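**Student:** The structure under discussion is supplied below as structure tokens; questions concerning it will follow.
The values are calculated or read from the model by the stated rules, or taken from the named source; none is laboratory data. The structure presented is a predicted model; accordingly, all values stated were derived computationally and were not measured. Note that we place each Cβ from the backbone using ideal geometry, even for glycine, and neighbour counts take in every protein chain shown.
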Amino acid sequence: MTVPIGQILGSDNLIGAIKRIASGLPNPLPTGLFTTTEAVTKDYAKIRTWAGSRANANVVSYGSPAVRADKIGLDERAIKLIHEFEYQAFPMDTLINLNSMSSETLQNKGVEEVGRQTAEFAQRFQNSRISMVASALSKGKIYVEAEGTIATVSDNAVITVDFKIPAGQKSQVGGIIGTSWANVAVDIQGDVAALKRKMFEVSGKMPKFAFYGANIAGYLLGNTVLKNLLNILPTQANAMFRGETIPDGTLGLTWIDCSNMFMLSGTTVVNWFGADDIALTPDIDSSWWRMLEGSTLVPTDIGRVGATVEEMVSSLREVNGMFSYAVQTNNPAGATQYFGDTVLPTIVNPGSLIIVDVVP
């Protein structure tokens, strides 16, 4: 059965398609990093960052007046979200097929082409979200270059989003990593235990996830103490020897292999995570992590040439996060599809991220 072209290219259909496709794309990172969302208006928000409290409540005699409590340290700041916006014009043959109300076969060809192009854009916009999340976890910052691309280094950045991760939670984490993990005799178990204590001290949270680079599994396999432990855990050992990921539960953590998180920077393929790097985070929830989604006005239909201002304004609706819509053009007659996203992953408890380089 054929349907009107306005239904096919309407924003409801296109937005639904782009979000369904994006959510189904391959992604090694936990889904909670992308689904713990918060809707904000336009492209800015005020966020409050805080550290977890380990202080006790004040003890008073029963029936005594309340004691004034110290305020929990909060840092409120305004941030701008990252806005992406692209478009493409539909080829004339695609529009002719979409408008073929008398031929379901021809219209299906047009629908397939719209679906293909929408999928390509969904891939690009989801890639951007993955890159932002990977940058936040591996750098504690997000860099945007003048060309509008998310960058792995700050060299040519014109925008830097800094999540204010303290220096004592980076690199060797205040001396916790004193001996390289490449040394087979290093106490990796002791280092991991100390890193867990560090996060609890600064955030009130215990690490759950370990996002790791290409060399980390090899260090664990080659370590003298851990090798003996793996001898009594043959399933885990076999998985690691086959080059698979570090099994969940190893050293009390859920391990996420980020060694294949590549992106194209110009003509160079780079990895977000250094080969010797580990990023530790607690379980994902809104107390420390949020995916802010800004709002954009989009037309609900493709419009028509000659529509009044009132008609055009009345067709607008506010959409958060990824969006897509099409508009009619008349020189020559055609249609243009727009794709966009207004988004920013945000760390609201800086103590909940530790970025470790295990080779001093």
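**Student:** Looking for whichever is assigned to a strand (DSSP E or B) and at pLDDT 85 or above here; the options are THR342, THR336, THR329. Which one fits?
**Tutor:** THR342
**Student:** Can you find, within region 84-133, the residue that is modelled with the lowest pLDDT among those that are among the hydroxyl-bearing types (Ser, Thr, Tyr) and in a helix (DSSP H, G or I)?
**Tutor:** Result: THR94.
**Student:** Looking only at residues that are loosely packed, with under 15 Cβ neighbours inside 10 Å and polar (S, T, N, Q) in region 184-230, which one is modelled with the highest pLDDT?
**Tutor:** The residue in question is GLN189.
**Student:** Which is of a type outside the set (Lys, Arg), surrounded by fewer than 16 Cβ atoms within 10 Å (Cβ to Cβ) and at pLDDT 95 or above, of SER154, SER180?
**Tutor:** Of the residues listed, the single one that is of a type outside the set (Lys, Arg), surrounded by fewer than 16 Cβ atoms within 10 Å (Cβ to Cβ) and at pLDDT 95 or above is SER180.
**Student:** Please list, ordered by residue number, the helices (runs of 4 or more DSSP H) wholly in region 153-233 having 2 or more residues that are basic (Lys, Arg).
**Tutor:** 188-203
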